[in-house]
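Student: Pasting a structure below so you can have a look.
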Amino acid sequence: MVKMSGDPKLEEAISQWLEWDKNEKTRNEIVQLQNENKYDNLKKYLLKRMEFGTAGLRAEMGAGNSRMNDLTIIQTTQGFCKYLLQKFGDDLKSKGVIIGYDSRHNSSRFARLAANVFGLQGVKVYLYSKIVPTPFVPYGVLRYKTCAGIMVTASHNPKQDNGYKVYWENGSQIIPPHDSGIAECISASLAPTCADVWNEDLLQGKPGLVDPYNEVMLHYFEDLNSYCKYRSINSSTNLRFTYTPVHGVGLAFARKSFETFSLPTFEDVPEQMDPDPEFSTVKYPNPEEGKGVLLLAMRTADETGCKVILANDPDADRLAIAEKQDDGNWKVFSGNELGSLIGWWVWYSYITNNPDTVDRSNIYMLSSTVSSMILQAIAEKEGFKFEDTLTGFKWMGNRTDQLLKEGKTVLFAFEEAIGYMIGTNVLDKDGISAMSVVAECACFLETKGTTLTQQLQNIYNTYGDHVSSNSYYICHDPSKIESMFQRLRNYDDNDVINDPVAGSKYPSKVGKFRITGIRDLTTGFDSRQSDNKATLPTTPSSHMITFYFANGVVLTIRTSGTEPKIKYYSEICGSIGRQREELVQELNELVELMCQEFYQPDKNGFLAHTS
């Protein structure tokens, strides 16, 4: 006999779930929890819904409103379809949507259920028949001129997670107010509208279902071909590469990318080449974590005499690079370092191939506001334009779309989290195109007797040193994260920086290091502006505070939209000729003091990231 919880809201939620959910596995999960009187679990899973934001959805898979499962996918897609019908009317039915998926558990099924929702509304659906890299969805949006795109992926999250990423008709990820509009429509569309929606094969053979796989494979790489500038060098190089997709989708697409650039066949990492939703050789399938994820690739490279390692994350929209040093050790480039190299290389290639470019003011590069400002330094010296945006490629992609419509040329955009957008074939980060551009750069440098590592130093020698220190703390208690940021906005000290409108009081120093400016993009305050208003858009749903120090350090603390992390990003820029070691020492001292004072990790129980 099932014991009642005594909580009317929970009993209603259980009843509603069991009425709507037709997946036997997740239904049974709720029933079992009910039979075992595990009410805390039931409350956690049923009484709070996943929040749909600009990043879409990303959560653990399992039963309940707070997790990724058949029912929440159907509900989300019903809401998204309703919102698209409001915005596009009957054009949605003819223009359609494009849907892709990665190799995680349930990704294929989730994609087909999403396709069913649209198909039942008479909407044309371009559904990839095989796993694809995330960039194939925004590319497909532009190619087929669809109203929207969906990618079922949790990127580099742990194996138990999955996600639902949304693109608008311009081929970029959604930004406000679309997120809140979609969320409202989801809330109004929770009941599955048709029993047939649960049938994974519902649309098979129907005229409204199109498989774009072969056509996109052809045209994506035809377009990528225009990025290749030094084919003869690529085809004759002695440089050798090792590649790993880290158990994800990347292998076939990486091979085709290298082939498109006439680059030598790379060495595979045997244990990681095939898609494996268990990610069985790594703790986290995120090449941004560095050497821990790349150990097998380093072993393969050592055994086969390769000097450069390339790694994609599981959905192949990010890229990590490592290079063997003279002492036999491997240098893993940070996202900022690789952004510096690619930015220099893209500019060098462009200006070499377009030597008569007189007006450089219509040429742009972008980066997120927490990334290195190296592109700004290059732009100031070379005469092109640089802009920074809010964090995330949704902002860079949409800004690129605006610039293109104004007749501008956008060469490159990057974020420090190893995300790179080269050119404008895809208005999002793309690890498949970036890997061959970087490989070509390495081949070119090799003909000059230079390595990627040496060229990075050349860039700093030319444009000024840029030293970064980025990391994060893990916290699974949202209330502690909230308290930490509220403390920073109501700082208990006699010497503070005041927000005269909101009445907030921010710290004015960290140890001996003086803070001269504050920008809080949660509230819209910027003490550096005459009206105290930030010039970048505010994001009230997430925390993000930037501290500007008298010694030139810029340090940002922010929450993650997809992971239980409180991240920090810091950079110090040196004048040409100043010793890099001095900058490193000064930044490390400041960051260490900041972590203890701002995060208070011991008091709050925050776990520091260790690579």
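The values are calculated or read from the model by the stated rules, or taken from the named source; none is laboratory data. Since we're looking at a predicted model, the values are computed, not measured. Note that each Cβ is placed from the backbone with ideal geometry, even for glycine, and that neighbours are counted across all protein chains shown. Accessible surface areas use protein heavy atoms only, side chains included; no ligands, DNA or RNA. Shrake-Rupley method; radii C 1.70, N 1.55, O 1.52, S 1.80 Å.
Student: If I filter segment 499-514 for residues that are aromatic (Phe, Trp, Tyr) and over 30 Å from the mean Cα position of the chain (by Cα), do I get at least one hit?
Tutor: Filtering segment 499-514 for residues aromatic (Phe, Trp, Tyr) gives 506, 513.
Restricting the remaining residues to those that are over 30 Å from the mean Cα position of the chain (by Cα) gives 513.
Checked segment 499-514: at least one residue is aromatic (Phe, Trp, Tyr) and over 30 Å from the mean Cα position of the chain (by Cα).
Student: Now, a different point. Starting from segment 378-394, keep only residues that are small (Gly, Ala, Ser) and modelled with pLDDT under 95, then list their pairs with residues that are surrounded by 21 or more Cβ atoms within 10 Å (Cβ to Cβ) and in a loop (DSSP other than H, G, I, E, B) whose Cβ atoms are within a distance under 8 Å, requiring at least 6 positions of separation or different chains.
Tutor: Once the first residue is small (Gly, Ala, Ser) and modelled with pLDDT under 95 and sits in segment 378-394, its partners that are surrounded by 21 or more Cβ atoms within 10 Å (Cβ to Cβ) and in a loop (DSSP other than H, G, I, E, B) give 392/54.
Each row is one residue, and each column tells you yes or no for (1) touching a strand residue (DSSP E or B) at 6+ places or on another chain (Cβ under 9 Å); (2) surrounded by fewer than 22 Cβ atoms within 10 Å (Cβ to Cβ).
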position: 285; (1), (2): no, no
position: 298; (1), (2): yes, yes
position: 309; (1), (2): yes, no
position: 315; (1), (2): yes, no
position: 321; (1), (2): yes, no
position: 331; (1), (2): yes, yes
position: 337; (1), (2): yes, no
position: 340; (1), (2): yes, no
position: 348; (1), (2): no, yes
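Student: Just one of the numbered conditions (1) surrounded by fewer than 19 Cβ atoms within 10 Å (Cβ to Cβ); (2) over 16 Å from residue 595 (Cα atoms); (3) touching a Phe, Trp or Tyr at 6+ places or on another chain (Cβ under 8 Å); (4) not aromatic (Phe, Trp, Tyr) is not true of residue 518; which one?
Tutor: (1)
Student: Moving on. Somewhere in segment 14-37, is a residue in contact with a Lys or Arg (Cβ under 9 Å, 6 or more places away or on another chain) and either in contact (Cβ under 8 Å) with a residue 60 or more places away in the chain or open to solvent by less than 10 Å² (accessible area, probe 1.4 Å) (or both)?
Tutor: Scanning segment 14-37, I find at least one residue that is in contact with a Lys or Arg (Cβ under 9 Å, 6 or more places away or on another chain) and either in contact (Cβ under 8 Å) with a residue 60 or more places away in the chain or open to solvent by less than 10 Å² (accessible area, probe 1.4 Å) (or both), so the answer is yes.
Student: Continuing with the same structure: Quick one: residue 576 ticks every box in (1) surrounded by fewer than 18 Cβ atoms within 10 Å (Cβ to Cβ); (2) among the hydrophobic types (A, V, I, L, M, F, W, C); (3) at pLDDT 90 or above; (4) under 26 Å from residue 375 (Cβ atoms) except a single one, so which number is it?
Tutor: The single condition residue 576 does not satisfy is (3).
Student: Here is a further query. On the basis of being out of contact with any strand residue (DSSP E or B) (no Cβ under 6 Å at 6 or more places or on another chain), at negative phi and buried (at least 19 other Cβ atoms within 10 Å of the Cβ), does residue 249 make the cut?
Tutor: yes
Student: Moving to a separate point now. If you take the residues in segment 85-121 that are touching a Lys or Arg at 6+ places or on another chain (Cβ under 7 Å), open to solvent by 50 Å² or more (accessible area, probe 1.4 Å) and of a type outside the set (Ser, Thr, Tyr), which one is farthest from residue 203 (Cα to Cα)?
Tutor: Selected residue: 95.
Student: If you go through segment 373-390 one residue at a time, do you hit one that is of a type outside the set (S, T, N, Q), touching a Leu at 6+ places or on another chain (Cβ under 6 Å) and surrounded by 24 or more Cβ atoms within 10 Å (Cβ to Cβ)?
Tutor: Checking segment 373-390: not a single residue is of a type outside the set (S, T, N, Q), touching a Leu at 6+ places or on another chain (Cβ under 6 Å) and surrounded by 24 or more Cβ atoms within 10 Å (Cβ to Cβ).
A quick yes/no check of all residues on (1) among the charged types (D, E, K, R); (2) in a strand (DSSP E or B):
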residue	(1), (2)
561	no, no
568	no, yes
571	yes, yes
575	no, no
593	no, no
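Student: Any idea how many residues of segment 559-583 are closer than 16 Å to residue 336 by Cβ and within 17 Å of the chain's Cα centre (by Cα)? Even if it seems obvious, please write down each step before you answer.
Tutor: From segment 559-583, those closer than 16 Å to residue 336 by Cβ are 567-574, 580, 583; that's our starting set.
Adding the requirement that they be within 17 Å of the chain's Cα centre (by Cα) leaves 567-569.
Adding up the residues that qualify gives 3.
Student: Continuing with the same structure: In this structure, is residue 519 charged (D, E, K, R) and in contact with a Gly (Cβ under 7 Å, 6 or more places away or on another chain)? It would help to see each step written out before you state the result.
Tutor: Numbers: charged (D, E, K, R): yes; in contact with a Gly (Cβ under 7 Å, 6 or more places away or on another chain): no.
No, not satisfied.
Student: Which residue pairs have Cβ atoms under 7 Å apart, sit 6 or more places apart or on different chains, and have a first residue in segment 120-143 that is touching a residue at least 60 places away in the same chain (Cβ under 8 Å) and a second that is open to solvent by 10 Å² or more (accessible area, probe 1.4 Å) and of a type in the set (Gly, Ala, Ser)?
Tutor: Partner pairs satisfying both residue conditions: 124/94; 124/208; 125/119; 125/208; 131/103.
Student: A further question follows. So is residue 9 open to solvent by 100 Å² or more (accessible area, probe 1.4 Å), outside any helix (DSSP H, G or I) and either under 28 Å from residue 193 (Cα atoms) or modelled with pLDDT of 95 or more (or both) or not?
Tutor: no
Student: Which of the numbered conditions does residue 530 fail, given that it passes all the others? Conditions: (1) farther than 27 Å from residue 501 by Cα; (2) open to solvent by 60 Å² or more (accessible area, probe 1.4 Å).
Tutor: Going through (1) farther than 27 Å from residue 501 by Cα; (2) open to solvent by 60 Å² or more (accessible area, probe 1.4 Å) one by one, residue 530 breaks only (1).
Student: For segment 590-602, indicate whether the set of residues that are within 21 Å of the chain's Cα centre (by Cα) and either farther than 13 Å from residue 469 by Cα or open to solvent by 40 Å² or more (accessible area, probe 1.4 Å) (or both) is non-empty.
Tutor: No, because not a single residue in segment 590-602 is within 21 Å of the chain's Cα centre (by Cα) and either farther than 13 Å from residue 469 by Cα or open to solvent by 40 Å² or more (accessible area, probe 1.4 Å) (or both).
Student: Now, a different point. Looking at the structure I just gave you, is residue 492 modelled with pLDDT under 95, touching a Gly at 6+ places or on another chain (Cβ under 6 Å) and more than 17 Å from residue 556 (Cα to Cα)?
Tutor: No, not satisfied.
Student: For residue 454, work out the one condition from (1) open to solvent by 10 Å² or more (accessible area, probe 1.4 Å); (2) closer than 29 Å to residue 381 by Cα; (3) touching a residue at least 12 places away in the same chain (Cβ under 8 Å); (4) in a helix (DSSP H, G or I) it doesn't fulfil.
Tutor: Answer for residue 454: the failing condition is (3).
Residues checked against (1) of a type in the set (Val, Ile, Thr); (2) out of contact with any strand residue (DSSP E or B) (no Cβ under 7 Å at 6 or more places or on another chain); (3) more than 21 Å from residue 425 (Cα to Cα):
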{"position": "129", "(1), (2), (3)": "no, yes, yes"}
{"position": "148", "(1), (2), (3)": "no, no, no"}
{"position": "161", "(1), (2), (3)": "no, no, yes"}
{"position": "176", "(1), (2), (3)": "no, yes, yes"}
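Student: Of the residues 562, 535, which is surrounded by fewer than 21 Cβ atoms within 10 Å (Cβ to Cβ), farther than 19 Å from residue 491 by Cβ and touching a Lys or Arg at 6+ places or on another chain (Cβ under 8 Å)?
Tutor: It is 562.
Student: Same structure again: Determine which member of the set 481, 474 is under 17 Å from residue 598 (Cα atoms) and buried (at least 19 other Cβ atoms within 10 Å of the Cβ).
Tutor: Values: 474 fails: buried (at least 19 other Cβ atoms within 10 Å of the Cβ).
The conditions single out 481.
Student: When you scan segment 61-83, how many residues do you find that are among the aliphatic types (A, V, I, L, M), over 17 Å from residue 15 (Cα atoms) and in contact with a helix residue (DSSP H, G or I) (Cβ under 8 Å, 6 or more places away or on another chain)? Spell out the reasoning first.
Tutor: In the first step, residues of segment 61-83 are kept if they are among the aliphatic types (A, V, I, L, M); the result is 61, 63, 68, 71, 73-74.
So of that shortlist, the ones also over 17 Å from residue 15 (Cα atoms) come out as 61, 68, 73-74.
Okay, now just the ones that are also in contact with a helix residue (DSSP H, G or I) (Cβ under 8 Å, 6 or more places away or on another chain), so 68, 73-74.
Number satisfying all stated conditions: 3.
Student: Could you look through segment 193-225, keep only residues that are polar (S, T, N, Q) and touching a residue at least 24 places away in the same chain (Cβ under 8 Å), and pick out the one that is most open to solvent (accessible area, probe 1.4 Å)?
Tutor: 193
Student: Kindly provide the set of residues from segment 502-514 that are open to solvent by 10 Å² or more (accessible area, probe 1.4 Å) and in a strand (DSSP E or B), ordered by number.
Tutor: Within segment 502-514, 505, 509, 513, 514 qualify.
Student: Identify all residues within segment 372-427 that are among the polar types (S, T, N, Q) and more than 18 Å from residue 459 (Cα to Cα); write none if there are none.
Tutor: 389, 391, 398, 400, 402, 409, 424, 425
Student: Which of the residues belonging to segment 277-314 are touching a Pro at 6+ places or on another chain (Cβ under 8 Å) and either farther than 20 Å from residue 339 by Cβ or of a type in the set (Ser, Thr, Tyr) (or both)?
Tutor: Across segment 277-314, the qualifying residues are 279, 284, 285, 300, 314.
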